[in-house]
Amino acid sequence: MKNEDSVSLDRISMATLRNLKIKTSTCKRIIKELHSYEKEVEREAAKTADMKEKGADPYDLKQQENVLAESRMMIPDCRKRLEASLADLTGTLAELEDLEQNEGPEIDEARSTIAEVEQFFQTTEV
């Protein structure tokens, strides 16, 4: 019976480790996406300012302002998804720690990603 319990525990921890890798990758992808949107907003804001300065056609300027507004709207959405992804990752890591799985490259990577995302949130309070 003891052997079956250990095999079952191994399966659970392997599935949870796999989940951890997926959730770590998700967090990394979303933070990369968020940085991309922030750069896009900077580019579009500079382009809008340049168009205003040069006295661009009002229609073209309005279109550019719409592009800028759409880019800005993506940032809060991305932050919410990152917050949810961080919560998922933290929960999965806690599950593994409850199973006394505290070591390994996946766990180190998850901890590093959690620290990176938390640092990001601290430096970019809205």
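Any read-out appearing in this document is the output of simple, stated calculations on the displayed coordinates, not a laboratory observation. These numbers come from a predicted model, not from an experiment. Please note: Cβ atoms are built from the backbone with ideal geometry, for glycine as well, and neighbour counts cover all protein chains shown.
One table, with the values for the structure above:
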item: Index of the failed condition, Asp88 passing every other in (1) more than 15 Å from the chain's Cα centre (by Cα); (2) part of a helix (DSSP H, G or I); (3) in contact (Cβ under 8 Å) with a residue 40 or more places away in the chain; result: (1)
item: Which listed residue is over 22 Å from Phe121 (Cα atoms) and surrounded by 11 or more Cβ atoms within 10 Å (Cβ to Cβ), from Leu34, Leu96; result: Leu96
item: Candidate set from segment 104-126 (those that are farther than 11 Å from Leu17 by Cα and assigned to a loop (DSSP other than H, G, I, E, B)); member that is nearest to the chain's Cα centre (by Cα); result: Thr124
item: Some residue of segment 62-82 being closer than 17 Å to Lys23 by Cβ, over 16 Å from the mean Cα position of the chain (by Cα), assigned to a helix (DSSP H, G or I) and of a type outside the set (A, V, I, L, M); result: no
item: Residue within segment 78-95 that is farther than 23 Å from Leu34 by Cα and touching a Ser or Thr at 6+ places or on another chain (Cβ under 7 Å) present; result: yes
item: Restricting segment 11-26 to residues that are farther than 21 Å from Arg81 by Cα, aliphatic (A, V, I, L, M) and surrounded by fewer than 17 Cβ atoms within 10 Å (Cβ to Cβ), the residue that is nearest to the chain's Cα centre (by Cα); result: Ala15
